[in-house]
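Enquirer: Before I ask anything, here is the structure I am working with.
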Amino acid sequence: MPIERNAEEKEKIKHILATAEANNLQIIKLWFVDILGNLKSLSLSHREFEYALNEGMGFDGSSVEGFARTYESDLVALPDLDTFQVFTPELTGAPIARLFCDIKNTDGNQFEGDPRYILKKNLARMKKAGFDQFMVGPELEYFYFQDNKHTQPLDCGGYFDTIPLDTSYAVRRETMQMLEKLNIRVEYSHHEVAPSQHEIDLRYDEALKMADQVITYKTVVKQMAAKHNMYATFMPKPIAGVNGSGMHVHQSLFANGKNMFFDAQNELFLSDTAKHYIAGILKHVREICSVTDQWVNSYKRLVPGYEAPAYIAWGRRNRSTLVRIPQAKAGKPNATRLECRFPDPACNPYLAFSVMLAAGLDGIKNKLPVMPITEDNIFHMSPQERQKRGIETLPAYLYEAVNLTRHSALVRETLGEHTFEKFIANKDIEWENYRTHVSNYEIERYLSVL
């Protein structure tokens, strides 16, 4: 059954085609991601624009990680017309445009394994729970290196350093300017704690739009780095002994334009809804961790001593906790939010936002009580003190995290049967490959003495 566009969509298609002609666009890219969050793209010549906008473009789903098996592989990338964006020649070398796609089966029905659809599905569940907006603001950290083979830092700068220590300032500034040209609102940028580490923070927005922006952001960061003969990586822990890269996600729930996390009478300005949401995150974080931190390397970041959370607790302005409550500005209730500090920027944002939302909504639905707030530095506590306070730890490595996810009813429901099974299978393979690999550490440590 062919895909049918409605009257409103047909008007949007006319506008896109007119814009393409006005800008002399020769190429439009159709974007989507696989279950791991890797960007996939189909490049269309101008002759195919109208057909693709109306009916989508077919592709082999068996070639995309986590999508379809060989004997049921035909899928359709249908452009989301609201995501049309023209890229300027200074970024791409020629005027091109892109649209994010929803993945459909050939009969026009939704493909269950599409990460973008999974987030849409969970946002629909949120609306049934009485909320109409899931607002998120991610802080993505990354490193600049000379190339993708070496991890030698390009500078010796630290937190908030500037010229001359921050030698990559100009690249970061140009990246910010390019993001703004693409209508991605940037709050600010700065040099991060580790040498050659940087951060550009995005202004909070609705979750689906923000997930699209995260994918675009990462692409722009990498393309602008390449333009300056550098390599940008969102690998969570590329250098041992220094801070890794996180993706702290600020989040709040709105209903009828009102921030449901705000309570003027509470000392922290947190409503009961917010506290239940935090309780849900803390209860389920160990089982959702393999989605928000999905690589073997992710768990080399989540260790004490490098500003990354390792212990399950929450606090106010406490950067040793897993969930932090940033100081809200007086008279600005919409700024009340929580900050989840455990995700890293190498995750699939559609799935990461989905599992965090599902965990929080479970806390609200079941009115889970939140554990006592922790204001002390957990990294300085003894194991006995942490046990006394009921502070548990995150999974220590990917295998542990995946096994927790494997038995999680919440994650299975959130991702859907198809993606859940494909994700677990992919992570099992990654762990087996890592487990059987003989590393340089083992050669240097054992070969001369054993």
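The values are calculated or read from the model by the stated rules, or taken from the named source; none is laboratory data. On a predicted model such as this, the values are computed, not experimentally measured, just so you know. A quick note on method: Cβ atoms are made from the backbone with ideal geometry, for glycine too, and the neighbour counts reach across all protein chains shown.
Enquirer: Of these, Thr405, Thr321, which one is in a loop (DSSP other than H, G, I, E, B) and crowded, with 23+ Cβ neighbours inside 10 Å? Quick ask: steps written out before the conclusion?
Expert: Details: Thr405 fails: in a loop (DSSP other than H, G, I, E, B).
Checking each option against the conditions leaves just Thr321.
Enquirer: Let me ask something additional. Of the residues that make up region 357-365, is at least one among the acidic types (Asp, Glu), closer than 25 Å to Arg406 by Cβ and either in contact with a His (Cβ under 6 Å, 6 or more places away or on another chain) or at pLDDT 95 or above (or both)?
Expert: Of region 357-365, the ones among the acidic types (Asp, Glu) are 362.
So of that shortlist, the ones also closer than 25 Å to Arg406 by Cβ come out as 362.
Then keep just the ones that are either in contact with a His (Cβ under 6 Å, 6 or more places away or on another chain) or at pLDDT 95 or above (or both); that gives 362.
Yes, region 357-365 has at least one match.
Enquirer: Follow-up question, since we're still on this one. How many of the residues in region 240-262 are in a loop (DSSP other than H, G, I, E, B) and either farther than 18 Å from Lys332 by Cβ or in contact (Cβ under 8 Å) with a residue 12 or more places away in the chain (or both)? Spell out the reasoning first.
Expert: To start, the set of residues in region 240-262 that are in a loop (DSSP other than H, G, I, E, B) comprises 240-246, 256-257, 260-261.
Those still in the list that are either farther than 18 Å from Lys332 by Cβ or in contact (Cβ under 8 Å) with a residue 12 or more places away in the chain (or both) too: 240-246, 256, 260-261.
Here the count works out to 10.
Enquirer: Pick from region 86-115 the residues that are over 23 Å from Ile27 (Cα atoms) and touching a Phe, Trp or Tyr at 6+ places or on another chain (Cβ under 6 Å): which of them is surrounded by the fewest Cβ atoms within 10 Å (Cβ to Cβ)? Give the derivation first.
Expert: Initially, region 86-115 is screened for residues over 23 Å from Ile27 (Cα atoms), giving 105-115.
Then keep just the ones that are touching a Phe, Trp or Tyr at 6+ places or on another chain (Cβ under 6 Å); that gives 105, 110, 113, 115.
Working: Asn105: 16, Gln110: 14, Gly113: 25, Pro115: 25.
Within region 86-115, the match that is surrounded by the fewest Cβ atoms within 10 Å (Cβ to Cβ) is Gln110.
Enquirer: Still on this model: When Leu368 is evaluated against the numbered criteria (1) part of a loop (DSSP other than H, G, I, E, B); (2) surrounded by 22 or more Cβ atoms within 10 Å (Cβ to Cβ), which criterion, by number, is the only one it fails?
Expert: (2)
Enquirer: Residue pairs, Cβ under 7 Å, 6 or more apart or interchain, first in region 138-151 and in the same structural domain as Met210 (by TED's automatic domain parsing) and part of a loop (DSSP other than H, G, I, E, B), second surrounded by fewer than 24 Cβ atoms within 10 Å (Cβ to Cβ) and among the aromatic types (Phe, Trp, Tyr). List them.
Expert: Gln146/Tyr231; Asp147/Tyr231; Asn148/Tyr231; Thr151/Phe145
Enquirer: Moving to a separate point now. Starting from residues that are crowded, with 19+ Cβ neighbours inside 10 Å and not hydrophobic (A, V, I, L, M, F, W, C), keep the ones in region 324-336 and report whichever is modelled with the highest pLDDT. Write out each step before concluding.
Expert: Going residue by residue through region 324-336, those that are crowded, with 19+ Cβ neighbours inside 10 Å are 324-325, 336.
Checking which are not hydrophobic (A, V, I, L, M, F, W, C) leaves us with 324, 336.
On the way: Arg324: 92, Thr336: 89.
Within region 324-336, the match that is modelled with the highest pLDDT is Arg324.
Enquirer: Restricting attention to region 263-298, and to residues there that are at pLDDT below 95 and part of a loop (DSSP other than H, G, I, E, B), which single residue is surrounded by the fewest Cβ atoms within 10 Å (Cβ to Cβ)?
Expert: Gln265
Enquirer: Also, quick follow-up: If we only count strands (runs of 3 or more DSSP E) wholly inside region 1-114, which ones have 3 or more residues that are in contact (Cβ under 8 Å) with a residue 24 or more places away in the chain and within 30 Å of Asp293 (Cβ to Cβ)?
Expert: Details: elements: 27-33, 39-45, 57-60, 74-79, 85-87, 96-105.
By residue number, 27-33, 39-45, 96-105.
Enquirer: So if I check each of Phe84, Phe59, which one is more than 23 Å from Thr419 (Cα to Cα) and either modelled with pLDDT under 80 or among the aromatic types (Phe, Trp, Tyr) (or both)?
Expert: Values: Phe59 fails: more than 23 Å from Thr419 (Cα to Cα).
Of Phe84, Phe59, the one residue that is more than 23 Å from Thr419 (Cα to Cα) and either modelled with pLDDT under 80 or among the aromatic types (Phe, Trp, Tyr) (or both) is Phe84.
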